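S.K.: Sharing a structure below in structure tokens format, with a few things to ask.
Derivation of every value follows stated rules applied to the coordinates shown; laboratory data play no part. None of the values given here were measured: they were computed from a predicted structure. Positions of Cβ are generated from backbone atoms using ideal geometry, with glycine treated the same way; all protein chains shown enter the neighbour counts.
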Amino acid sequence: MDHFVVVGGGQAGASLVAKLRTSGFEGQITLICGEDVPPYQRPPLSKAYLLGEMELERLFLRSPEFYAEQDINLRLSTQVTAINPSAKTLMLEGGETLGYDRLALTTGSTPRRLPAAIGGDLDGVFTMRDLKDADRLAPELKPGRKMLIIGGGYIGLEAAAVAAKSGLEVTLIEMADRILQRVAAPITSDFFRDLHQSHGVSIREGIGLSRLTGEGRVTGADLSDGSHIDVDLVIVGIGITPNTQLAQAAGLKIENGIWTDTHGRTSDANIWAAGDCASLVYHGQRIRLESVGNAIDQGEVVAQNMMGGDVAYQPRPWFWSDQYNCKLQIGGLNMGYDAVHLRKGAGESQSHWYYKGNELIAVDAMNDPRDYMVGKRLIEAGRSPKPEVIRDPATDMKALLKG
């Protein structure tokens with residue numbers, strides 16, 4: 001009886017093992033999780049859970065009983081220290097050896113941290129990635145305290161929204177010329193800058209961190225413009241690094257993450273990868289997709305292919321971010337865009353449509369789920385309405401999906 005092992009207890013790993021069973025796999029399944037709780041949702045950690053609006057059990061992707069019912073060996077608090085591809089074995093912390101017939105790596109990613117030399121190891125400095133991060137941070141969110149957020153990407157902005165709603169005095173610094181510079185057009189940056197400033201967040205762009213100050217615990221920050229600010233706590237949101245260490249040590253090909261082919265297979269015929277740690281080809285470029293949607297979809301495709309299927313993974317990128325009362329929904333990827341067109345919706349809602357030449361490649365929709373849905377479906381169908389049609393408030397958007 002074949003033994004399939006999945007290393008990594010995030011969204012991709014949980015989706016993969018569930019798909020194995022629903023697809024009829026009758027062999028042994030082992031899901032190895034480094035944390036001491038079953039796989040859980042991560043997006044609510046920095047929002048509803050951190051605010052005390054969601055209990056731990058509601059975070060779980062499946063009930064703890066699900067794994068036993070499906071005869072999935074869920075191993076919590078377990079670390080894999082090495083992979084031996086030729087022997088098809090894993091070495092676990094403590095010296096145990098575990099054999100596999102086929103292996104999937106869904107090892108996720110790790111937040112980048114500040115160097116200790118500039119105060120990164122001071123108490124009161126946090127990243128926001130897992131349950132322990134949220135549990136450590138929650139008691140710190142006390143009204144009137146001063147928070148510094150380093151990094152103006154979506155993680156930093158979501159943290160700013162939660163802190164501002166909790167009554168903290170928030171300063172966000174972004175070394176680039178504008179927030180969201182890496183992932184969005186200036187018009188989207190402008191929208192979210194205005195949103196945060198309207199809630200009292202101080203956003204300082206084109207300014208980096210020189211060092212954090214304090215004895216034992218952070219009390220201040222020296223910034224690159226020569227200024228100093230007093231702080232009580234710091235959140236570092238400067239991106240993530242894919243967890244490729246196991247794969248690299250095992251001799252697997254690494255290229256912006258763990259290299260995978262169109263079927264999710266790595267450079268070893270018996271090993272697959274999915275989720276944040278895996279790189280794939282999208283429109284001729286090798287990328288990683290750091291999203292829940294990709295983790296689910298890629299994990300399910302890998303499950304089918306581990307069973308002998310021949311399913312090519314077709315990425316359909318989509319993302320979301322909740323900040324205050326604004327829900328941002330993103331369809332597609334805006335790589336290489338050369339024009340962005342604004343469509344005004346009802347009230348404060350609007351959407352930004354990215355074109356590369358005559359091709360629609362992405363849409364950012366703020367509190368406009370209809371335009372998001374239409375844009376996403378158009379992109380996936382390879383259809384590109386003329387920009388003047390998109391800009392026209394009289395256009396029946398759903399009609400664009402017909403014909």
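S.K.: Give the Cα extents of the range 176-326 along the principal axes, in whole Å, largest first.
M.R.: 58, 36, 25
S.K.: Kindly point out which whole DSSP H helices in the chain project their C-alpha atoms 15 angstrom or further along the helix axis while averaging a Kyte-Doolittle hydropathy of 0.0 or above.
M.R.: 11-22, 154-165, 292-306
S.K.: With springs only between Cα atoms under 10 Å apart, run a GNM on the chain and tell me which of Glu215, Glu26, Glu35 wobbles the most.
M.R.: Of Glu215, Glu26, Glu35, the most mobile in the Gaussian network model is Glu215.
S.K.: Could you work out the pair-distance distribution P(r) of the range 239-302 from its alpha-carbon pairs, with 5 angstrom bin width and percents rounded to whole numbers?
M.R.: The distribution over the range 239-302 is 4, 20, 33, 27, 14, 3, 0, given as percents.
S.K.: Projected onto the charge dipole of the chain (+1 at Lys/Arg Cβ, -1 at Asp/Glu Cβ, origin at the Cα centre), which of Ile83, Tyr355, Ala274 gives the Cα projection farthest towards the positive end?
M.R.: It is Tyr355, whose Cα lies furthest towards the positive end.
S.K.: Let me ask you something else. Under unit Cβ charges (Lys, Arg +1; Asp, Glu -1), what dipole magnitude, rounded to 20 debye, does the range 325-401 have relative to its Cα centre?
M.R.: Using only the charged Cβ atoms, the result is roughly 140 debye.
S.K.: Compute a Gaussian network model of the chain, connecting alpha carbons closer than 10 Å, and tell me which residue from Gly99, Gly152, Gly13 fluctuates the most.
M.R.: Of Gly99, Gly152, Gly13, the Gaussian network model singles out Gly99 as fluctuating most.
S.K.: Separate question: So what's the net charge close to Gln323: Lys and Arg +1, Asp and Glu -1, counting the other residues with Cβ under 11 Å from its Cβ?
M.R.: Every neighbour counted, the sum reads +1.
S.K.: Continuing with the same structure: Among rounded, prolate and oblate, which fits the chain when a ≥ b ≥ c are the square roots of the eigenvalues of its C-alpha gyration tensor, a/c under 1.5 means rounded, and a/b larger than b/c means prolate?
M.R.: Because a/c hits 1.5 or more and a/b fails to exceed b/c, the chain counts as oblate.
S.K.: Which distance in nm do the two modelled labels at Arg286 and Asp2 give, with both placed 7 Å along the Cα-to-Cβ direction?
M.R.: 2.7
S.K.: Please give, to one decimal in nm, the separation of the simple spin-label points placed at Asp225 and Asp194, each 7 Å out from Cα toward the Cβ.
M.R.: Once both label points are built, they end up 2.2 nm from each other.
S.K.: While we're on this one: If you take the square roots of the eigenvalues of the alpha-carbon gyration tensor of the range 1-76 and sort them as a ≥ b ≥ c, do you get rounded (a/c under 1.5), prolate (a/b over b/c) or oblate?
M.R.: prolate
S.K.: For a quick check: with amide H placed at 1.01 Å from N, whose amide H comes under 5 Å from Ala362's, ignoring anything fewer than 5 positions away on the same chain?
M.R.: Placed amide hydrogens put Tyr354 under 5 Å from Ala362.
S.K.: Given Cα pairs under 8 Å that are at least 6 residues apart, what percent is the relative contact order of the chain?
M.R.: Taking the mean separation of contacting Cα pairs over the length of the chain, I get 14 percent.
S.K.: Give me the mean projected area, in nm² to one decimal, of the convex hull enclosing the Cα positions of the range 325-401.
M.R.: Here the figure is 4.5 nm², rounded to one decimal.
S.K.: About the Cα centre, and with charges only on the beta carbon of Lys, Arg (+1) and Asp, Glu (-1), how big is the dipole of the range 113-236? Nearest 20 debye, please.
M.R.: 180
S.K.: I need the Kirkwood Rh of the range 113-236: take the reciprocal of the average 1/r across all distinct C-alpha pairs and report it in angstrom.
M.R.: About 14.5 Å, per the Kirkwood formula over Cα pairs.
S.K.: Select from Thr106, Thr266, Thr241 the residue whose mean-square fluctuation is largest in a Gaussian network model of the chain (Cα-Cα springs shorter than 10 Å).
M.R.: Thr241
S.K.: Summing +1 for each Lys or Arg and -1 for each Asp or Glu, what net charge is found among the other residues whose Cβ lies under 11 Å from the Cβ of Lys398?
M.R.: +1
S.K.: Rounded, prolate or oblate: pick one for the range 66-148, where a ≥ b ≥ c are the square roots of the eigenvalues of its C-alpha gyration tensor, a/c under 1.5 means rounded, and failing that, prolate if a/b is larger than b/c, else oblate.
M.R.: Cα axes put the range 66-148 in the prolate bin.
S.K.: Under a point-charge model restricted to the Cβ atoms of Lys and Arg (+1) and Asp and Glu (-1), what is the dipole moment magnitude of the chain relative to its Cα centre, in debye to the nearest 20?
M.R.: 820
S.K.: What spacing in nm lies between the two simple spin-label points modelled at Asp135 and Phe60, each 7 Å away from Cα in the Cβ direction?
M.R.: 1.5
S.K.: For Val236, what is the net charge nearby, where nearby means another residue's Cβ is under 11 Å from its Cβ and Lys, Arg count +1, Asp, Glu -1?
M.R.: +2
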